[in-house]
Amino acid sequence: MNEKDKFQRVILPIPDIPPVGLTTYDAKDPDTKYPPIEPLRPP
């Protein structure tokens with residue numbers, strides 16, 4: 001990555017931050033974890 005690419009990345013609205021922890025792309029992978037589903041109720 002040259003200096004020009006770094007400058008363009010800085011001015012984007014979304015920073016290029018590496019993900020923290022394990023990233024799995026298969027839902028059947030035993031290491032994949034999802035947050036619990038919270039039920040939605042009308043007010």
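Here, each number is a calculation from the coordinates, and none is a lab measurement. Predicted, not measured: the structure shown is a model, and the values here were computed from it. Positions of Cβ are backbone-derived with ideal geometry, glycine not excepted, and every protein chain shown enters the neighbour counts.
Brief remarks follow.
- In sequence order, calculated HN-Hα J values of region 15-23 (Karplus, 6.51, -1.76, 1.60; Hz; x Gly/Pro): x, 8, 9, x, x, 9, x, 7, 10
- Here each label is just a point 7 Å from Cα along the line to Cβ, and for Arg41 and Asp26 those points are 4.0 nm apart.
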